[in-house]
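The values are calculated or read from the model by the stated rules, or taken from the named source; none is laboratory data. On a predicted model such as this, the values are computed, not experimentally measured, just so you know. With ideal geometry, Cβ positions are generated from the backbone for all residues, glycine too; neighbour counts draw on all protein chains shown. Please note that ligands, DNA and RNA were not included when accessible areas were found on the heavy atoms of the full protein model with its side chains. Shrake-Rupley method; radii C 1.70, N 1.55, O 1.52, S 1.80 Å.
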Amino acid sequence: MDSLENKDLHPISYKNRMSTVIGFYSCVYDSYGKVIEDFDCSDEERAVIDKYFDERIRNEIFGRLTIDSIEDQIIEDTASPFFKIAAIALKWKGRCREVWFLCGAMADQVYDIYPEYRALTRHIVASGFNDAIDLVREMGQYRIENEYALSQSREENQKSHSSVIGLEDSLRRVETIKDLLKYMDNDNSLEYIFGEFLKLTAEYLRVDGAALFKVHNEEDETMDVVGTWTAEGQPAFFDKTVNIPRFRILKGNRPIIISSGSMALNNFKYDWDKSRLGVKAIVAMPLVVNHRINLYVTYTESREDRNWRVEDLQFLSDAIRILQSIVERRMQKNSLAGSYASLEQILEHVGCAIIVNDIQRHKTLFMNKIMRSVFPLDRLGRELNDIIWEVNGVEDNELELYDYDKGAWYEIHHSDISWVDGRPVALFAIYDVTDKKNYQRRIEQQAYTDFLTGLYNRMCCERDLACIIDEAKKTGTKGALCYIDLDDFKHINDGLGHQYGDVLLKAVSAAFKDVRGIEDTCYRMGGDEFALAIPPKSYAFLEEIVNNIKAIFAKPWYLKDADYYCTMSMGIVTFPDEGDKVDDLIKKADIAMYEAKKTGKNRVATYNSKSLSESSRRLDMEKNMRDAANDAFNEFIVYYQPVIDVTQEGNPCIGAEALIRWDSQVLGFVNPADFIPLAEYLGLINPIGDYVLREACKECKKWNDKGHPDYKVNVNLSVVQLMQNNIVESIMGIIEETGIEPRNLTLEVTESLAINDMERMKKIMSEIRQAGVKIALDDFGTGYSSLNHIREIPLDIIKVDQSFVKELVDDDYSKSFIKMVAELAGAINVSVCVEGIETEEQFDVLSGMKVNYIQGYYFSKPIRREEFEEKYL
């Protein structure tokens, strides 16, 4: 596995111990030529080693062992009679991973006359030198095979992701090679082709510089620059291009690869640094043409550190072969055999399956080894056979093919090119994209699955339901869709906490999947709503499925160390008799579920024409509400109900509560209890709420300016409005826009919302009060343990719910409750307002209870602005 090149697999202590015991001096290079460990010896010993085994010799031996060589061991004498050197290539899967350099002094007293010999402390018997080298190689090879095998097994866990990345790199390499191949039979000048070659290969390698040099002979100390390429923003290579001093790296017949951090870099980078500073990695590749080397291609990187990958060197080897073929073709146009041999070698090493067909003669001209092993002609398969023989001259094409026998996906690229003999042919590059497809399938699976419950989500429901409907229509059968909503799920969420609400949702989901007939067609549509698709094969068991679902909710759910009951309401619609469109069926099932809820919850309802009538009325209301919203809310009217201050003499009106009313041109006067929940459902409550707040503040400002500076206005904020992240900024913007004094505005928040999300409400209310706006806690006493939290909420007024007023005259509990709230409010410096006072008897009962404000029909029902102003201003 090539990616193992970069792993730290070098147990240096092991090598040191072994070589020291045997009597060697040793150092280790990795496959990039980077020194992993240098010689462990004294300065005197190092001087002797560098004299007879210097870095130039090591680099030359390194190149022999690592570049296109089958050698794995080299033993040589030196200029010294007593000093021998050796090098070992440790390989894994046929590729060099480490090179060990070993040297030693032969143990013999005859050499004591040499001072250098006496400087060396380690000696080895000459007759055993070769055997010792073999032993070191065998032990080192055994070690590296075990360590690379271990590392390979660890990397298997990352195979899917790395294979996708490797595939993308392979595709890019194939595309670059394909682009280079186009110049095999190109009529442009060689200079132009050289420039395009440097550009394509450098961009693939992502380096910042490439150049092509020409030397006249091996002894010549000058060279010419044939072509250069530099990345955008990088300086040009040379001021002159003819007879410039020859670079030291441009010698020899083997590639020189120098990665960042290599000591060899210092020997060569200064040739470039004369014109470009900071070269950090270099590759020099000789180009053999007609058995002579007179061209060199170099690639440099100066922006960042670079370690050359084996894939990079393979690509360069293939690319150099292509350039070599191009040059030789120009020089030997009549040598078709030589050109074909070069092309064959190129196509054998491009890393994907290649087949070249003469479509006109229905003849295969070439198949590389991968193609022959993966897709032999006698087992091509009908689909692939049709693809590669019926292209009919399409210039460029890409398509996918699935092999059912192998369970593999292949991507096929096709191009029409001219073959080496000039005939038009079709070239196909086929590569395995199975890992990529599997990765995409996992991503798609995540997109169709609900994260919390593991059920499929709404998107998947719509997709599957469309297929099930088509199946029912084609086979003349029926299916059904069940839409389920958990009854009073909000109480579980609010009472026990969201974490237990999540536990309930997961338990319900697991129970649905255990029902026979719908194991694979259960969906969470959002929140506490679910959909169950009954396919035609299960439709005969519809009644049994419904009864099983009802049985699920007949038992309690164990939550937070106790049993809790949670029922459901279900709506059912059949198809295709009631419709064959996904959206319509989901809507009709929802309507039926809504009917089940209206009749008392914990029920099942089937869609019928009556449901349609109710739905039509709701749709009409929805349409007209949207039209009214788009018409600047002109149909919405703000009514005002006076707020009476009973602490002042004469019980004066000190302001009003603003209440929204809808006078529809089509539907007439619509009850707020009907349209406000719909507005919240449609997401229109926010603009409607802003409209009411703006109108109320505008009118109150007018009252203040016309002689009533202390008149105040109360405005209700809905749950949806308060859930907005920018609610405070929105309120302050309207205050600034209308010019109202913040102290004359009171915002009413329901008790249930304030208690449900205490921390959020405390933060929002505190920010509003800091601006001078008053806060009223509305509907106080309608549930929740409010008295435990009342001191935590930043508020100015408590509004007692009108449910305590209905029996106020005769009910001692109601009297005691209001009296207690009034006393509590006085203790925490908060005012009390009682709503719903309709009779004089109720008003009289409140006297002496320390109530501050009263609202109710006894004084006035909500009235239009004009009537309010006439009566109270």
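So how exposed is residue 268, as accessible area in Å² (1.4 Å probe, rounded to 10)?
Roughly 30 Å² of residue 268 is accessible to a 1.4 Å probe.
Under the Karplus relation 6.51 cos²θ - 1.76 cosθ + 1.60, θ = phi - 60°, what is the ordered set of whole-Hz ³J(HN,Hα) values for the stretch 144-152, x standing for Gly and Pro?
Result, rounded to whole Hz: 6, 5, 5, 5, 5, 5, 4, 5, 5.
At a Förster radius of 56 Å, what calculated FRET efficiency corresponds to the Cβ-Cβ distance of residue 705 and residue 408, to the nearest 0.05?
0.10
Can you give me the Kirkwood hydrodynamic radius for the stretch 462-598, using every pair of distinct Cα atoms, in Å to one decimal?
Kirkwood radius, the stretch 462-598: 15.4 Å.
Using only the C-alpha atoms of the stretch 160-241, find the volume of their convex hull and express it per residue in Å³.
Taking only Cα atoms, the stretch 160-241 has a hull volume of 139 Å³ per residue.
Evaluate the relative contact order of the chain (contact order divided by residue number), counting alpha-carbon pairs under 8 angstrom at least 6 apart; express in whole percent.
5 percent
To the nearest 0.05, how large is the calculated FRET efficiency for residue 330 and residue 54 if R₀ is 51 Å and r is the Cβ-Cβ distance?
0.80
Long-range amide H contacts for residue 97: which residues qualify at under 5 Å (H placed 1.01 Å from N, peptide plane, sequence gap of 5 or more or a different chain)?
Amide H neighbours of residue 97: 90, 91, 92.
Note the full-extension length gain between residue 666 and residue 149 as 0.36 nm times their separation in residues minus their Cα-Cα distance, in nm to one decimal.
Between residue 666 and residue 149, full extension yields an extra 178.2 nm.
Quick check on the stretch 107-225: take the gyration tensor over C-alpha atoms, sort the square-rooted eigenvalues as a ≥ b ≥ c, and tell me if it's rounded (a/c under 1.5), prolate or oblate.
Judged from the Cα gyration tensor, the stretch 107-225 comes out oblate (a/c at least 1.5, b/c at or above a/b).
Roughly how many debye, to the nearest 20, is the charge dipole of the chain about its Cα centre, given +1 on each Lys and Arg Cβ, -1 on each Asp and Glu Cβ, and no other charges?
The dipole of the chain has a size of about 1520 debye.
Once amide H atoms are built 1.01 Å from N in the peptide plane, which residues 5 or more positions from residue 365, or in another chain, come under 5 Å H to H?
The list, which skips near neighbours in sequence, is 356, 357, 358.
Just to confirm the filter: which trypsin sites (Lys or Arg not before Pro) across the stretch 58-142 are DSSP coil and have at most 13 other Cβ within 10 angstrom of their Cβ?
93
Give me the lysines in straight-line cross-link reach of residue 178: C-alpha distance below 19 Å, same-chain residues under 8 apart excluded.
Here the lysines satisfying the reach criterion relative to residue 178 are 199, 369.
What full-extension length gain, to one decimal in nm, is calculated for residue 647 and residue 849 as 0.36 nm per residue of separation minus the Cα-Cα distance?
71.6 nm
For residue 763, go through the lysines and keep the ones whose alpha-carbon is under 20 Å away, minus same-chain ones fewer than eight residues off.
Filter leaves 774.
Charges only on Cβ, +1 for Lys and Arg, -1 for Asp and Glu: so what's the dipole of the stretch 472-604 about the Cα centre, in debye to the nearest 20?
Its charge dipole is roughly 260 debye.
List the pairs from 474/587; 506/588; 478/513; 406/473 whose alpha-carbon separation is above 32 Å, in the order I gave them.
406/473
In the stretch 190-325, what percent of the accessible surface is made up of carbon and sulfur (1.4 Å probe, ligands and nucleic acids excluded)?
48 percent
Tell me the GluC sites (Glu not before Pro) within the stretch 454-537 that lie in a loop according to DSSP and have at most 11 other beta-carbon atoms within 10 Å.
Loop-located and lightly packed - 519.
If you count only protein heavy atoms with a 1.4 Å probe, what accessible area per residue comes out for the chain, rounded to a whole Å²?
49 Å²
For the chain, what is the mean residue ellipticity at 222 nm derived from helices alone (per DSSP H run of n ≥ 4: -39500 (n - 2.57); sum divided by total residues; nearest 500 deg cm²/dmol)?
That calculation yields -13500 deg cm²/dmol at 222 nm.
Leaving out ligands, DNA and RNA, and with a 1.4 Å probe, what % of the accessible surface on the stretch 772-854 is carbon or sulfur?
Solvent-exposed carbon and sulfur of the stretch 772-854 make up 43 percent of the total.
Return a whole-number percent for the relative contact order of the stretch 674-722, with Cα pairs under 8 Å and 6 or more residues apart as the contact set.
Once divided by the residue count of the stretch 674-722, the mean separation gives 41 percent.
Taking the dipole about the Cα centre of the stretch 690-752, with the C-beta of Lys and Arg at +1 and of Asp and Glu at -1, give me whichever of 722, 700, 746 is farthest to the positive side.
700
Multiplying the sequence separation of residue 373 and residue 441 by 0.36 nm and subtracting their Cα-Cα distance, what value in nm do you get?
Difference between extended and current length: 21.7 nm.
Can you find, among 417, 765, 873, the residue sitting farthest towards the positive end of the charge dipole of the chain, where Lys and Arg contribute +1 and Asp and Glu -1 at Cβ?
417
What list of ³J(HN,Hα) values in whole Hz, one per residue of the stretch 736-742 in order, does the Karplus curve 6.51 cos²θ - 1.76 cosθ + 1.60 (θ = phi - 60°) give from phi, with Gly and Pro shown as x?
5, 5, 8, x, 5, 5, x
Write out the trypsin sites (Lys or Arg not before Pro) in the stretch 532-561 meeting two conditions: DSSP loop, and at most 14 other Cβ atoms within 10 Å of their Cβ.
Filter output for the stretch 532-561: 560.
Using θ = phi - 60° and the Karplus form 6.51 cos²θ - 1.76 cosθ + 1.60, what ³J(HN,Hα) does each residue of the stretch 548-561 get, whole Hz, x for Gly and Pro?
Working through the residues one at a time gives 5, 5, 4, 5, 4, 8, 7, 9, x, 10, 7, 9, 6, 6 Hz.
Counting only protein heavy atoms, what percent of the accessible surface of the stretch 506-609 is carbon or sulfur at a 1.4 Å probe?
48 percent
Given axes a ≥ b ≥ c from the Cα gyration tensor, I'd like to know whether the chain is rounded (a/c under 1.5), prolate (a/b larger than b/c) or oblate.
Prolate is the answer for the chain, as a/c is 1.5 or above and a/b outweighs b/c.
Treating cross-link reach as a plain straight distance, find the aspartates and glutamates whose alpha-carbon is under 17 Å from the alpha-carbon of residue 93, omitting any fewer than eight places away in the same chain.
2, 5, 30, 68, 71, 72, 138, 145, 147, 155, 156, 311
Given labels modelled 7 Å from the Cα in the Cβ direction, how far is it in nm from residue 724 to residue 79?
Inter-label distance under the simple model: 8.8 nm.
Hey, rough spin-label estimate for residue 811 and residue 242, points 7 angstrom out along Cα→Cβ, what's it come to in nanometres?
Rounded to a tenth, the inter-label distance reads 11.0 nm.
Dipole magnitude of the stretch 678-756 about its Cα centre, charges +1 at Lys/Arg Cβ and -1 at Asp/Glu Cβ only, in debye to the nearest 20?
Rounded to the nearest 20 debye, it is 200 debye.
Using a basic spin-label model with each label point 7 Å from the Cα along Cα→Cβ, how many nm lie between residue 682 and residue 791?
Distance between label points: 4.6 nm.
Take every Cα pair under 8 Å in the stretch 26-82 that's 6+ residues apart, average their separations, divide by the length, and report that relative contact order as a whole percent.
Contact order relative to length: 24 percent.
Rounded to the nearest 0.05, what FRET efficiency is calculated for residue 857 and residue 630 with R0 set to 22 Å and r the Cβ-Cβ distance?
It comes to 0.05.
Can you order the peptides 569-581, 839-851, 676-688 by their average number of other Cβ atoms within 10 Å per residue, highest first?
Averaged packing, sorted descending, gives the order 569-581, 676-688, 839-851.
As a test of understanding, state the convex hull volume per residue of the stretch 701-851 from its alpha carbons, in Å³.
Per-residue hull volume (Cα only) is 123 Å³.
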